[in-house]
Amino acid sequence: MRCHDFGPSAGPEERERDRMRTKLIISFLIVVVINALVTSWVGVRLIGDEIVRQAQDKVQIDINSARETYLDKLDEVQGAVRLAAVKCAVREALVTGYVEPMKDELRVVRQKEGLDILSITDRNGVVIFRARNPRTSGDSQARDDVVGAAMVRKREAAGTEIVSRKELLKEGRDLADRARMKLVATPMARPTPETEETSGMVMKAAAPILDYDGSLVGVLYGAKLLNQSSDIVDKVRDIVYRGETYKGRDVGTVTLFQGDLRISTNVSTSQGVRAVGTRVSEEVYDQVIERGVPWVGRAFVVNEWHISAYEPIQNLKGKVIGMLYVGTLEAPYVDLRNRVVYTFLLIALSTAAVLFLIGYLITMNVVQPVKALLFATRKVAAGDLTYRVPTKSHDEVGELTESFNKMTTELEKATQSNLALTRTLEDKIRGKTEELQDAQDQLVRSEKLSSLGRMAAGIAHEINNPLTSILINSHLMAERLQTDEQAAENLRLIMDETSRCSTIVKGLLDFSRQTTPRKGPADLNEVVNRTLTLMRSQILLHRVNVDLDMDKDLPEIMIDANKIAQVFTNIILNAIDAMRDGGTLTIVTRMSPGRHFAEVEFADTGCGIAKEHLGRIFDPFYTTKGTKGTGLGLAVSYGIVEQHGGEIRVRSEVGKGAVFTVQLPAHSGTVAPGENRARLR
Ligand SMILES: Nc1ncnc2c1ncn2[C@@H]1O[C@H](COP(=O)(O)OP(=O)(O)O)[C@@H](O)[C@H]1O
Ligand SMILES: [Mg+2]
């Protein structure tokens, strides 16, 4: 098994992996980010809404408490007036006209009860005495709502009322001045041409003073001026908010409005003074003052956002004349919400980071083996069947890898056996083709030789007799014409040519005489020696050296020794012909490597044979020696060797001599297949 190092090379598989990794990571990222966003958004919305709702619920409760406290204050005023009205001195004064004790009494009550106004009228509403401003009297208060109600119904009446500056001046200049205030410009207030407010808002109560018989003798009325009086708002604040602070500021604030004007408040301006003289935002004005509907919600108070509640204050006749306000700073809630949001975001982000990390690790775990597989498939596709992917995990990817390796192993085996099969087949086909070619060549040659042989036999037979008689007659004529030199010369020419014809005919006869060789056991070395002895004169004549290298252990083989000697004669004669200027003929005898054949090799140092002639030298009548040759020597030899079940081979190059090898079966009839093929090319 081989391992591949997926090193730094950025090949196509690297890009492949990057694509896949990027896709997976982006998918993870999208899921994680969407999850974080949705979770945060839902969480923030839910918690934010809940915080706002709770704040609004709380401010709703606060305004209820504030109203109760306000009404308690009004009750206090009413209680004080009632207390004074039942004093004996008061009724006595009205009944008897003896007023001095009453004056003292009222002064004491006013002081003790903290009333700004405490005045008494007769039964027609004409003021008899003002405890705060004794110098002014005699005016009628009959048209005043509260006083009028007490007069008409002979019962106590109480309510919040707007009092004009003119009326306030009657009760005391200091009161009128306290009520008078400059309007301070506030960003979101309703536009108004007015620059100051002169009237005031009071909590007012009136009690009828009745005679013993129940008839009305006068009315006692008292009031508290609310403008610039901080005790009511501060009391409400202390009761409702119990001194809660946030970052050094009061959490809760309470305000009394006369119309839309802050006349009494503990809301501070940016300079840290009570924000009297400022006015409410226009939208609150429209809802609460104009339509008489309470307001709960966010409101911009003076210079900061508050969660606030406004409730209309009505006068005795039900007209909206002012508002009661409570509010808590929005900042604590906003801070709380922000903390929650940040916490949420932090949790979401860290969860996202953890998820992302896990996703990344999973991605790498999947991508790495897949990449290795991809690399491997490319390797295998390119033909490297030895490549195996290292298996690391035991999950599906690991199984896939194992399957892949198994598949590649099988593929490799199959391919190898296929290759082997193909190679064997190729070898077989090549062998068979060669055999076929050889067989065909041999067939053609045999066919050619045998038909030629038959023809040659016929011709030789027909020509031999005439030739013989030509020769005999030529000899007879030569004896008779011994004197005529010219005639003798011509006759000798006739005889020579006739002899030549005889030689050809004899050769033809040799060639055609395809008789079965008469085989007997013979020693090839001896056949060679005998042949050389017979040819000694020619060899010497042509100055040819003969080198002998004979295998002493050559077994006797079954041959027709005469015919084989003729073959050797033909080969040696050709060698001598090829070595016109002398040379060396080397004759070697030996057994073939498989010991199926005995071999005789004749190597000369003659002119050699051109490649294109090699295929033709065994053809009958093929000669390069003109009239000197018959072209039958090798043809005849070939036939003889073939008849012995042997073969005759030649190899040669021009100028480098020729080597003829005669191969004869060592054991007749036990010739190994394929070894008896005559290789002629
Ligand atoms: N040892 C050799 N060296 C060169 N050429 C040879 C040799 N043996 C045979 N040949 C060639 O083969 C031809 C045919 O030989 P062969 O059949 O004996 O006929 P011939 O000898 O009558 O020409 C020769 O003419 C010669 O060209
Ligand atoms: Mg010859």
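Points worth noting:
- Within the stretch 651-677, the residues that satisfy the criterion of being modelled with pLDDT of 90 or more, under 21 Å from residue 519 (Cα atoms) and among the β-branched types (Val, Ile, Thr) are 661, 662.
- Filtered residue count, the stretch 616-625, keeping only those that are at pLDDT 85 or above and either more than 12 Å from ligand 2 (Cβ to nearest atom) or open to solvent by 30 Å² or more (accessible area, probe 1.4 Å) (or both): 6
- Listing of helices (runs of 4 or more DSSP H) fully contained in the stretch 138-181 that carry 2 or more residues being closer than 14 Å to residue 222 by Cβ: 145-153
- Close pairs from the stretch 222-235: first surrounded by fewer than 22 Cβ atoms within 10 Å (Cβ to Cβ), partner assigned to a loop (DSSP other than H, G, I, E, B) and at pLDDT below 90, Cβ under 7 Å, at least 6 apart: 228/276; 230/266; 234/266
- Which listed residue, of 635, 565, 575, is modelled with pLDDT of 95 or more, of a type in the set (Gly, Ala, Ser) and in contact with a Leu (Cβ under 9 Å, 6 or more places away or on another chain): 575
- Residue match in the stretch 528-551 (condition: open to solvent by 90 Å² or more (accessible area, probe 1.4 Å), modelled with pLDDT of 85 or more and over 25 Å from residue 606 (Cα atoms)): no
- Residue pairs whose Cβ atoms lie under 8 Å apart, sitting 6 or more positions apart in sequence or on different chains, and linking a residue in the stretch 631-642 that is touching a residue at least 60 places away in the same chain (Cβ under 8 Å) and open to solvent by 20 Å² or more (accessible area, probe 1.4 Å) to a partner that is away from ligand 1 (no atom under 11 Å from the Cβ) and among the hydroxyl-bearing types (Ser, Thr, Tyr), are 642/446.
- Positions within the stretch 575-598 being within 16 Å of ligand 2 (Cβ to nearest atom) and either open to solvent by 50 Å² or more (accessible area, probe 1.4 Å) or part of a strand (DSSP E or B) (or both), in sequence order: 577, 580, 585
- Matching entry among 417, 474, 450 (being open to solvent by less than 100 Å² (accessible area, probe 1.4 Å) and in contact (Cβ under 8 Å) with a residue 40 or more places away in the chain): 450
- Filtering the stretch 343-397 to residues that are among the small types (Gly, Ala, Ser), over 24 Å from residue 30 (Cβ atoms) and buried (at least 16 other Cβ atoms within 10 Å of the Cβ) leaves 372, 376.
- Residue list for the stretch 621-635, filter: at negative phi and more than 8 Å from ligand 1 (Cβ to nearest atom): 627
- Taking the criterion of being open to solvent by 60 Å² or more (accessible area, probe 1.4 Å) and over 14 Å from residue 354 (Cβ atoms), the residues of the stretch 28-40 that qualify are 30, 34, 37, 38.
- Whichever residue in the stretch 599-615 is open to solvent by 50 Å² or more (accessible area, probe 1.4 Å) and outside any helix (DSSP H, G or I) and, among such residues, is farthest from ligand 2 (Cβ to nearest atom): 605
The values are calculated or read from the model by the stated rules, or taken from the named source; none is laboratory data. The shown structure was predicted, so the numbers you read here are calculated from the model rather than taken from an experiment. As a convention, Cβ positions derive from the backbone with ideal geometry for all residues, glycine included, and neighbour counts pool all protein chains shown. The protein model used for the area step is the full one, side chains on, heavy atoms only, and it has no ligands, DNA or RNA in it. Shrake-Rupley method; radii C 1.70, N 1.55, O 1.52, S 1.80 Å.
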